[in-house]
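*Asks:* One structure follows; several queries about it will come next.
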Amino acid sequence: MKFASLIRPTPSDRSPTPLTAHDDGLIWAIALLLSVGFVMVYSASIAYAEADPDTHNRYFYLIRHGVYLTISLIVSWIVFHIPSRIWQEKAPYLFVGAFILLILVLVPGIGKVVNGSRRWINLVVLNLQPSELMKLAVVLYAANYTVRKADWMHSFSKGFLPMAVAVIASGALLLLEPDFGAFTVIAAIAMGTLFLGGINGRIFAALSVVSLGAFVVLIISSPYRLQRVTGFMDPWQDPYGKGYQLSHSLIAFGRGEWLGVGLGGSVEKLFYLPEAHTDFLMAVIAEECGFIGIVAVVGLFAYVVRRAFMIGVEARKQERYFQSLVAQGVGIWLAVQSFINIGVNMGLLPTKGLTLPLLSYGGSALLANCSALAIVLRIDWENRQTLRGYKV
């Protein structure tokens, strides 16, 4: 009987083909964000691609982004067909694997240095950024850890401390790259998951204060981070130095007004605004599509995050606690990272090297984001199968 069950798929393992079995609204929201990103990456990168002496091809970044998007969708399709219980079993191993990659990226000859940061491993086809994979690994590991330690969530030493050690160790490696933005997102994912998992309220409040103090110390102790903060507070004081990026981002927002200057009409992307197709893509969207474009993008992100949390709530009702925490962990990830990126573009937060999820140019980020959302869609599909009486 056991052998027969291995070769004859159960309802939860069959291909989930019925359209009604999926969250169509969430799928459309993700598709729209990916489509907007595809168009805007092309618009924001034309000038850079044409001026690059190695390419002189205006379609260079568009083609590469298209390849990254294709790979991400193929991998996401595979990820979607993996039962969530497999991710629960393999979560610790995935975290260890991501941790090893964070170590390898710091090894000279393996890690690639760009703009003074050693964050990438050259794989010929693409530059792998381990910090993006670590975000997904932390979502899975934190959910797995919280479920396993559910009886110890009231204890600092047995409930919180082991997870804190894992996050601090990962954070130390990220700060060596340096990648303070990724560390912030990973810490938010871990803390948010522990909170949703029922960690003692006093412990959580005390550690939140300590964490905030630690971030302040990290900023003050690093000249370049402190420079970013002072530049963010008054970018016009040194518009050609430490306030250069932010001042041009704000100019882009101002030029966009209500309806924008039109698709392709941005001036700031013409070598004025650095990283226009990556970290500051939102500024180009604001300039070309105006306030309406900003509202549309923010609205789509808000919908995706809300659906991720609602899928988590439904999983919790079915007593599928790991799945619940994973879905909500992905929601925290997208919410925090998109908030930081948009906040930086609008001058609400200090400059961070964080891309806009699903939109910005970058293979590793796109792959991690799409894979995470594929897991959320799988959890939703399993929720619906369970409501139909199927075992998952």
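*Asks:* In debye to the nearest 20, how big a dipole does the chain give about its Cα centre with +1 on each Lys and Arg Cβ and -1 on each Asp and Glu Cβ?
*Replies:* 1420 debye
*Asks:* Separate question: At a Förster radius of 41 Å, what calculated FRET efficiency corresponds to the Cβ-Cβ distance of Arg202 and His22, to the nearest 0.05?
*Replies:* 0.50
*Asks:* Give the Cα extents of the chain along the principal axes, in whole Å, largest first.
*Replies:* In descending order, the Cα extents are 70, 47, 44 Å.
*Asks:* Sort the following peptides by mean Cβ neighbour count (other Cβ atoms within 10 Å, averaged over residues), highest first: 243-250, 203-210.
*Replies:* The densest-packed peptide leads the list: 243-250, 203-210.
*Asks:* Please state the equivalent ellipsoid semi-axes for the stretch 132-274: what are the square roots of 5 times the Cα gyration tensor eigenvalues, largest first, in whole Å?
*Replies:* Gyration-tensor ellipsoid for the stretch 132-274: 38, 18, 14 Å.
*Asks:* Now a separate question. So how tilted is helix 321-345 from the main axis of the chain? Cα-based, degrees 0 to 90, rounded to 10.
*Replies:* Tilt of helix 321-345: around 10 degrees.
*Asks:* Across 5 Å bins from 0, what is the distribution of all Cα-Cα pair distances for the stretch 294-384, in whole percents?
*Replies:* Distribution as computed: 3, 15, 23, 22, 17, 11, 7, 3, 0 percent.
*Asks:* I'd like to know which of Gly293, Val305, Gly353 lies farthest towards the positive end of the charge dipole of the stretch 285-392, counting +1 on Cβ of Lys and Arg and -1 on Cβ of Asp and Glu.
*Replies:* Projecting each Cα onto the dipole axis, the largest value belongs to Val305.
*Asks:* Rolling a 1.4 Å sphere over the protein heavy atoms, what is the accessible area per residue of the chain, to the nearest Å²?
*Replies:* Normalised by residue count, the accessible surface of the chain is 46 Å².
*Asks:* About its Cα centre, what dipole magnitude does the stretch 58-206 give when the only charges are +1 on Lys and Arg Cβ and -1 on Asp and Glu Cβ, stated in debye to the nearest 20?
*Replies:* Using Cβ point charges on Lys, Arg, Asp and Glu, the stretch 58-206 gives about 80 debye.
*Asks:* Obtain the nm distance between the two label points defined at Asn122 and His56 by a simple spin-label model: each point lies 7 Å from its Cα along the Cα-to-C-beta direction.
*Replies:* 2.3 nm
*Asks:* Check Gly260: other-chain or 5+ apart residues with amide H under 5 Å from its amide H, H built from backbone geometry?
*Replies:* Gly290, Phe291
*Asks:* In whole Hz, with x marking every Gly and Pro, tabulate ³J(HN,Hα) for the stretch 249-265 from phi via Karplus 6.51 cos²θ - 1.76 cosθ + 1.60, θ = phi - 60°.
*Replies:* Per-residue couplings from phi come out as 5, 5, 4, 4, 4, x, 5, x, 6, 7, 10, x, 8, x, 4, x, x Hz.
*Asks:* Per residue, what volume in Å³ does the Cα convex hull of the stretch 206-254 take up?
*Replies:* 80 Å³
*Asks:* A further question on this structure: Bin all alpha-carbon pair distances of the stretch 148-201 at 5 Å intervals from 0 and give each bin's fraction as a whole percent.
*Replies:* 4, 21, 27, 21, 14, 10, 4, 0
*Asks:* In the neighborhood of Val267, defined by Cβ-to-Cβ distances under 11 Å, what is the net charge if each Lys or Arg adds +1 and each Asp or Glu adds -1?
*Replies:* That sum, taken over residues with Cβ under 11 Å, equals -1.
*Asks:* Just need log10 I(q)/I(0) for the stretch 220-298 at q = 0.11, 0.17, 0.20, 0.27 Å⁻¹, Debye formula, equal scatterers on the alpha-carbon atoms, no solvent, rounded to two decimals.
*Replies:* -0.30, -0.65, -0.82, -1.15
*Asks:* How far, in nm, would the chain grow between Leu212 and Ala296 when pulled straight, counting 0.36 nm per residue and subtracting the alpha carbon separation?
*Replies:* 27.1 nm
*Asks:* Now for a separate question. Expressed as an acute angle from 0 to 90° and rounded to the nearest 10, what is the orientation of the C-alpha long axis of helix 84-104 relative to the principal long axis of the chain?
*Replies:* That works out to roughly 40 degrees.
*Asks:* Please identify, among Ile30, Ile379, Ile332, the residue showing maximal mean-square fluctuation in a Gaussian network model of the chain using a 10 angstrom Cα cutoff.
*Replies:* Greatest mean-square fluctuation among the candidates belongs to Ile30.
*Asks:* Ignoring ligands, DNA and RNA, what percent of the 1.4 Å accessible area of the chain is carbon and sulfur?
*Replies:* 68 percent
*Asks:* Here's another thing I want to ask about it. If eta is 1.567 mPa s and T is 4 °C, what Stokes-Einstein diffusion coefficient results for the stretch 114-175, Kirkwood Rh from Cα pairs, in µm²/s?
*Replies:* My calculation gives 96 µm²/s for D.
*Asks:* Also: Let me know the charge dipole size of the stretch 232-278 about its Cα centre in debye, to the nearest 20, where only the beta-carbon of Lys, Arg (+1) and Asp, Glu (-1) is charged.
*Replies:* 100 debye
*Asks:* Assign one of three labels to the stretch 332-392, namely rounded, prolate or oblate, based on the Cα gyration tensor with a ≥ b ≥ c the square roots of its eigenvalues; rounded applies when a/c is under 1.5, prolate when it is not and a/b is larger than b/c, and oblate otherwise.
*Replies:* Prolate, because a/c is 1.5 or more and a/b exceeds b/c.
*Asks:* Further question on the same structure: Just how many % of Cα pairs in the stretch 221-358 lie over 17 Å apart, if you round to the nearest whole percent?
*Replies:* 63 percent
*Asks:* Determine the gain in length on full extension of the stretch Gln318-His154; use 0.36 nm per residue of separation and subtract their C-alpha separation, reporting nm with one decimal.
*Replies:* So the chain would gain 56.7 nm between Gln318 and His154.
*Asks:* On each of the three principal axes of the Cα atoms of the stretch 272-345, give max minus min coordinate, whole Å, ordered largest first.
*Replies:* 52, 22, 15
*Asks:* Whose amide H sits under 5 Å from the amide H of Arg119, counting only residues 5 or more places off or on another chain, with H placed in the peptide plane?
*Replies:* Amide H neighbours of Arg119, under 5 Å, 5+ apart: Lys112, Val114.
*Asks:* While we're on this one: Relative to the first principal axis of the alpha-carbon coordinates of the chain, what is the inclination of helix 363-387, with its axis defined by its Cα atoms, in degrees from 0 to 90 and to the nearest 10?
*Replies:* 30 degrees
*Asks:* Apply the a/c threshold of 1.5 to the C-alpha gyration tensor of the stretch 69-109 and tell me whether it is rounded, prolate or oblate.
*Replies:* The shape class here is oblate.
*Asks:* Over the Cα atoms of the stretch 26-94, what radius of gyration and what Dmax do you get, in Å?
*Replies:* Rg, Dmax (Cα atoms, Å): 16.8, 49.
The values are calculated or read from the model by the stated rules, or taken from the named source; none is laboratory data. Since we're looking at a predicted model, the values are computed, not measured. Positions of Cβ are backbone-derived with ideal geometry, glycine not excepted, and every protein chain shown enters the neighbour counts. Side chains are part of the model used for accessible areas, which takes the heavy atoms of the whole protein and leaves out ligands, DNA and RNA. Shrake-Rupley method; radii C 1.70, N 1.55, O 1.52, S 1.80 Å.
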